[in-house]
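Everything below concerns the one structure shown next.
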Amino acid sequence: MANQYQSVLASYIERARKVLQHEQRTHHQDQAIKPGGLERFISHWADETTNACKQASLDQRPIYRFIEHLEGYHSQDPLQRAASLRSAFAALNELDGQDGNATVTTVSKPPVSSGVTQQQKGEDSKIRDNNAIQGTKAASSLSVTNGMRSTSDDPVREQEALSVRQLRPVQPPPPPPSNTVHLEAGMSQGHTSLTLLSADVTAVPGVGPSVATRLHHLGIRTIRDLLFYFPRDHRDYSKLEKIANIPFNELTTTMGLIWDVENKRTGGGRIRTIATISDETGKLYASWFNQPYLEKKLKASKGAYLVVTGIKQRFGNKVEFSVRSHEFPEQGDLLNTGRL
């Protein structure tokens, strides 16, 4: 009977074997046939071979035993596909009259008639799943020990086992980053939050040793410190007040032309730098303490605009503007003015 199949189906069997071998070489990715994959090829192949068997009056059950191993191939994972191919090779060898050592015990499947019940289909599905599990275990048992290959007599099985091992190369796990936060399984939400808040600030992406050093100078060592670190004050540089409208004892930003600059020494030995600035609404005395080097720079900028931020205060019968920060708008873009 095998010789009859071989004489009638030789070209079909060889074509199927080449397709299955190519599928093995591509690591069971179902890319051997495009489009449609291996299932589409088997569907066309089954139609052709069954017609040939009918014309030669041959039993079609070996054909169905072959194609049943590849049903649902596209939806399987690579290990299941490897087991399906192994069973399909064994059935193909039976058709070709070769050694059947690679045969996996299967249940023959006659042509499905319209009267097959849903229960019978479920039983066939369970049998195929058991065959796939047995094939996977058989593949895992083939290994190389002490530099010697296994003594299996079936080259097809050895080739498939090598393909399965190539799918899962042994690679060492990557080392964990040094700034990770270790969380344990089963931790409650509150415990997880406390663990994250207590983590070192270097666990934040982008915070390296240099940034961490600067944060440590500010007293920030954990993520909790970072979340609860608030600015010392809030300055609004978005508005420029006219000199005549500057209120007392409020942080304000204004702008005026520089008219005069001088350094004065106070009774306590401190040096005050006073610049007279004005706009169309009035005149203002802007003062800096212990910054005598500003006199030279301010004198060089006479006639230019100066933006100052500070507090307007009364000293005896004089009104002065104690400067917190200043900028020269004509020398470049303003860094703070117009911003928060």
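Throughout, read-outs are computed from the coordinates displayed, never taken from laboratory work. Every value quoted in this text rests on a predicted model; they were computed, and no experiment measured them. Don't worry about glycine lacking a Cβ; one is built from the backbone with ideal geometry, like all the others, and counts go over all protein chains shown.
For the reader, a short list of remarks on this structure follows.
- Selection count, region 70-89, where residues are over 18 Å from Gly36 (Cβ atoms) and touching a helix residue (DSSP H, G or I) at 6+ places or on another chain (Cβ under 8 Å): 8
- Listed by first and then second residue, the pairs with beta-carbon distance under 9 Å, at least 6 apart or on different chains, first residue in region 283-298 and on the phi > 0 side of the Ramachandran plot, second surrounded by 14 or more Cβ atoms within 10 Å (Cβ to Cβ), are Asn290/Ile271; Asn290/Arg272; Asn290/Thr273.
- Residue match in region 11-27 (condition: touching a residue at least 24 places away in the same chain (Cβ under 8 Å), among the aliphatic types (A, V, I, L, M) and in contact with a Lys or Arg (Cβ under 9 Å, 6 or more places away or on another chain)): no
- Given (1) surrounded by 14 or more Cβ atoms within 10 Å (Cβ to Cβ); (2) under 37 Å from the mean Cα position of the chain (by Cα), index of the condition Tyr12 fails: (2)
- Note on region 49-95: residues that are closer than 23 Å to His28 by Cα and of a type outside the set (A, V, I, L, M, F, W, C) total 19.
- Residue match in region 300-308 (condition: touching a Lys or Arg at 6+ places or on another chain (Cβ under 7 Å), among the hydroxyl-bearing types (Ser, Thr, Tyr) and crowded, with 16+ Cβ neighbours inside 10 Å): no
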